[in-house]
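Everything below concerns the one structure shown next.
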Amino acid sequence: MQRVSLFGYGGTTKAIAKHIPHAVFYDDKCTQVYKDENGFTVKPSSDFHPENSDLEIPSPGIPPSNPLISKAKNLISEYDYFADTMPLNIWISGTNGKTTTTQMMQHLLKEKGSLAGGNIGTALGELDSNAKIWILETSSFTIHYTNIAAPNIYVLLPINPDHLSWHGSMQEYVHAKLKPLDTMKDGGVAIIPDAYKDYKTEAKVISYSNEEDLAANFNIDTTKVKFKGAFLADALLAMAVEKILFDKIDYEKINSFELDPHRQEELKDSKNRLWVNDTKATNIDATIAALNRYKDSNIHLILGGDDKGVELNELFEYLVSIDVKIYTIGSNKEKLTQLACEYSINADLCLNLADAISKIDTNLELGEVALLSPAASSLDEFTSYAQRGNEFKKAVTQLS
């Protein structure tokens with residue numbers, strides 16, 4: 001009997017355990033050995049000894065620096081474990097937009113028997129292997145540990161600085177995003193940004209630099225697509241995959257897709273002023289995309305949180321080109337305020353999100369935009385980006 005060790009006691013590994021009755025969990029939060037409600041043994045991470053394990057599968061979020069990873073001798077990813085039983089599979093990755101692209105693709109292909117999962121919603125261990133298609137939002141964490149599995153179609157959105165503290169460098173982050181191209185075979189298709197079009201792979205490469213390229217490559221009329229800005233690229237990529245698989249472009253179907261909250265979600269206060277909840281913008285590129293959408297207005301920007309070690313100069317180089325005042329919050333607010341000073345951008349250092357909203361309420365005029373687009377994770381002060389966004393929306397509705 002193969003001895004399988006699961007690193008981390010979370011959704012991914014619990015789903016895998018359903019396929020491995022004798023698996024043992026090792027978790028950093030566990031202080032003493034216990035049996036869970038399904039009879040699985042959960043042990044402290046310090047109890048792991050590689051000589052007692054034939055296979056190790058980590059939760060994707062466990063960083064390479066974790067001692068469990070350095071001790072492992074037979075490490076594979078969740079994707080590798082299910083590589084032989086996956087149906088036709090599509091991986092979607094990139095820095096921003098992969099969740100929306102995945103959701104849009106599932107919206108288009110559901111009637112063709114597709115299931116969506118991976119980094120959003122459903123872990124691979126919960127997906128039905130008898131489905132016709134798996135559409136998988138795929139994080140750089142998962143790809144880092146994947147060495148066997150390969151997508152039939154790989155959709156890569158633009159890569160910008162993110163998760164650098166986890167990967168160690170921008171070079172390693174980019175390497176993870178491009179890694180699926182190493183295992184793809186002849187017959188596979190990779191839709192990737194132009195910057196990586198010369199990357200060596202056996203797959204057919206279709207590269208793009210912008211929405212116009214995507215539309216031209218797949219003969220899509222963007223005037224018939226309701227989505228704009230960053231969401232247009234997401235829609236075009238989803239439509240491109242349907243075109244590849246079924247030679248079909250369905251404008252009515254894509255236009256019936258409803259966006260999730262927390263991405264450029266617009267609301268009006270009691271004075272009819274525009275406030276935008278873009279709390280899901282947890283990195284520079286996402287924030288710049290939101291700013292681009294409203295760049296013709298005077299913007300009051302709430303910025304800050306846990307920036308995960310990313311350099312922020314690129315954002316401030318953009319900010320000097322638009323009419324903006326920033327309100328800094330979160331664990332990096334002093335850093336942001338100092339950068340604002342260096343770039344001669346008007347900034348208020350705020351106590352917290354509520355304080356930022358209160359200050360904007362005093363300054364915001366009709367025709368201007370109040371934008372929560374933090375370019376940082378929420379976990380320094382909130383349980384999730386959704387909680388941050390919900391508190392923002394609640395506060396705005398209570399303004400008088």
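Key figures for this structure:
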read-out: Antiparallel bridges, percent of DSSP beta bridges restricted to segment 299-400 (to nearest 5); value: 10
read-out: Accessible solvent surface per residue of segment 1-47, calculated while the other protein chains remain in place, 1.4 angstrom probe, Å²; value: 57
read-out: Accessible-area composition of the chain, carbon plus sulfur, in percent [1.4 Å probe]; value: 47
read-out: Extension reserve of the LEU88-LYS112 stretch, reckoned as 0.36 nm per residue once the Cα distance is removed; value: 7.5 nm
read-out: Cubic angstrom per residue, convex hull over Cα atoms of segment 112-201; value: 118
read-out: Expected 222 nm ellipticity per residue - DSSP helices of 4 or more, -39500 (n - 2.57), all of the chain, to 500; value: -9000 deg cm²/dmol
read-out: 1.4 Å probe accessible area per residue over segment 62-188, in Å²; value: 38
read-out: About the Cα centre, charge dipole magnitude for the chain (Lys/Arg +1, Asp/Glu -1 at Cβ), debye; value: 600
read-out: Considering only the chain, percent of DSSP beta bridges that pair antiparallel, nearest 5; value: 10
read-out: Computed FRET value (nearest 0.05) for ALA354 with ASP296, which takes r as the C-beta separation and R₀ as 30 Å; value: 0.55
read-out: Surface accessible to a 1.4 Å probe, per residue, for the residues of segment 223-267, Å²; value: 46
read-out: Given LYS110/LYS132; LYS110/LYS243; LYS110/LYS179; LYS177/LYS200, the pairs whose alpha carbons are separated by over 19 Å; value: LYS110/LYS179
read-out: Whichever aspartates and glutamates have a C-alpha closer than 17 Å to that of LYS268, once near sequence neighbours (fewer than 8 apart) are set aside; value: ASP278, ASP361, GLU365, GLU368, GLU391
read-out: Prolate/oblate/rounded label for segment 69-143 (Cα gyration tensor, a/c 1.5); value: oblate
read-out: Highest-first arrangement of 65-75, 139-149, 202-212, 273-283, where packing means the average Cβ count within 10 Å; value: 273-283, 139-149, 202-212, 65-75
read-out: Protection proxy ranking of 21-29, 326-334 - average other beta-carbon atoms within 10 Å, highest first; value: 326-334, 21-29
read-out: Segment 148-252 - convex hull of the alpha-carbon atoms, volume per residue in Å³; value: 112
read-out: Bins of 10 Å from zero: percent of alpha-carbon pairs in segment 264-331; value: 17, 57, 23, 3
read-out: Extension gain from ASN219 to ASN272, taking 0.36 nm per residue of separation minus the Cα-Cα distance; value: 15.1 nm
read-out: Contour excess over end-to-end distance, with Cα ends at SER129 and LYS228 and 0.36 nm allotted per residue; value: 32.1 nm
read-out: Alpha carbon convex hull of segment 12-127, volume per residue in cubic angstrom; value: 130
read-out: Kirkwood Rh, Cα atoms: Rg over Rh of segment 218-377; value: 1.04
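The values are calculated or read from the model by the stated rules, or taken from the named source; none is laboratory data. Keep in mind it's a predicted model, so treat the numbers as computed, not measured. Ideal geometry is used to build each Cβ from the backbone, glycine not excepted, and the neighbour counts take in all protein chains shown. For accessibility, only protein heavy atoms count, side chains too; no ligands or nucleic acids. Shrake-Rupley method; radii C 1.70, N 1.55, O 1.52, S 1.80 Å.
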